[in-house]
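Here is the structure we will look at, set down as structure tokens.
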Amino acid sequence: MLFSVKRRAKSVAGLDIGASSVKYVRLDRRADGYALAAAGIRELPIESIVSDEIKDRDSVIFSVQGLLDECDPRTTEVVVSVAGHGVITDKFEVDRKSGAEAEQAILFEAEQRSPFDVDDVSMDYHILNVDEERGKMEVLLVAARREYVLSYLDLVTDSGLRTPLVDTDAFAVLNAYQLNYDIDPERVTALVNIGFDTTNVVFLKDGKFHSTRDVSSGGRAIFEVIQREFRLNQEMTMKVIRGELETSVDQDMLKATILSAADELLTGLELAFSYFRTLAKTDSVDWIVLSGGGALIPYLPECVQSKLNVPIEIANPFRNIEYDPDLFGDLQPEKIAPLLAVGVGLAAREV
């Protein structure tokens, strides 16, 4: 699935390397916002990346190079992201300090909190808030296993590309949301990005970021059960879970199959929401904005809404982005937009 290119100045590109497909988005910065310059999606062989581990580097590199050759051949620099068990995020308080003293205090606290050996991780942090009265700083920490990050950086390099920074899927989804939606300070919102192996959940409370949590489940379980029950190949199964074969598949059987296969995902989401409510001392989540390939799986959004008892909106990461419909060829942008939420968030990063 490839889209055309419309070139303008000041472009930034995002490359979302997922477990079932590679997504590419390039945005042009303008005085009044952003315009879509190029976008594309190419499916991967289903076992190329499993549980965030690259199993078949050659297949992924071939797909990345093929996507860019047809979609945006002059691109040499992309922003990428990671997610899953190799990444942690945490939020904590330290005594208010400045300069080298602040960094030393933050890194010391990070060492105590990281489940990985500090010598084996790449870390970054951001000071979210300074409470002058209490003399405290609220800090957001992101840490990832260095070996895990390097495996993706090496893949990007071997694809003939450079990357100025590595983001996380969760914060890319948050970035795309902030670009396209007004954050209501009166509403607790959950951004749920259902990928093939991992689901990212970002919670917003009081009009700002609160926390994030990854669920180690996604669309793969649904894919595998549908493929087995309906005896389909990868291409046809992908069409089914994108809702493209409504007239060719028994919908009652499909719905029952999806509801059964989604049990692990739904349980993981329930735990994530329960943990958030305890941590945030709130009784409920008011709204879910759903993105990723899971947002396109028939019956799954309704299933998530029913299980969590929270209203759902399907994300549109192009809501505030100007684009030429011809970039998408015969495809309807709203049909595939949720797949590109991470890519849009990466492409909108300040580099």
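If you plug the beta carbon distance of Leu279 and Asp58 into 1/(1 + (r/R0)^6) with R0 = 56 Å, you get a FRET efficiency near 0.85. With equal scatterers on the alpha carbons only and no solvent term, can you work out the Debye log10 of I(q)/I(0) for the range 259-351 at 0.22 1/Å? Taking Cα atoms of the range 259-351 as identical point scatterers yields -1.14. Taking amide H as placed 1.01 Å from N in the peptide plane, Val50 has its amide H under 5 Å from the amide H of Lys55, each at least 5 places away in sequence or on another chain. Taking amide H as placed 1.01 Å from N in the peptide plane, the amide H of Phe196 sits under 5 Å from that of Ala19, Ser20, Gly219, each at least 5 places away or on another chain.
For the range 171-303, the solvent-accessible area with a 1.4 angstrom probe is 45 square angstrom per residue. Sort the range 207-333 into rounded, prolate or oblate with this rule: let a ≥ b ≥ c be the square roots of the eigenvalues of the Cα gyration tensor; rounded if a/c is under 1.5, and if a/c is not under 1.5, prolate when a/b is larger than b/c, oblate otherwise. Judged from the Cα gyration tensor, the range 207-333 comes out oblate (a/c at least 1.5, b/c at or above a/b). When the square roots of the Cα gyration tensor eigenvalues are ordered a ≥ b ≥ c, the ratio a/c for the range 100-148 is 1.5 or more and a/b exceeds b/c, which makes its shape prolate.
3J(HN,Hα) along the range 22-32, derived from phi through the Karplus expression 6.51 cos²θ - 1.76 cosθ + 1.60 where θ = phi - 60°, amounts to 10, 10, 10, 9, 10, 10, 9, 7, 10, 4, 9 Hz, with x in place of Gly and Pro.
Considering the range 167-271 at the alpha-carbon level, its Rg and Dmax are found to be 16.4, 48 Å. Taken over the chain, the ratio of Cα radius of gyration to 2.2 N^0.38 Å equals 0.99.
One chain, two ends: Arg113 and Asp286. Fully extended at 0.36 nm per residue, the span grows by 59.3 nm beyond their Cα-Cα distance. Between Glu334 and Glu186, the simple spin-label model (points 7 angstrom out along Cα→Cβ) gives 2.7 nm. Full extension of the segment from Asn233 to Glu138, taken as 0.36 nm per residue of separation minus the current Cα-Cα distance, would add 29.2 nm.
Computed in the context of the full set of protein chains, the accessible area of the chain at 1.4 Å probe radius has 44% of its extent on carbon or sulfur. When the C-alpha to C-alpha distance is required to be over 31 Å, the pairs from Lys23/Lys97; Lys208/Lys239; Lys136/Lys205 that qualify are Lys23/Lys97; Lys208/Lys239.
The values are calculated or read from the model by the stated rules, or taken from the named source; none is laboratory data. Owing to the predicted nature of the structure, the values given are computational and were not obtained by experimental measurement. Cβ: placed from backbone, ideal geometry, glycine included. Neighbour counts: every protein chain shown. Ligands, DNA and RNA are excluded from the accessible area calculation, which covers all protein heavy atoms including side chains. Shrake-Rupley method; radii C 1.70, N 1.55, O 1.52, S 1.80 Å.
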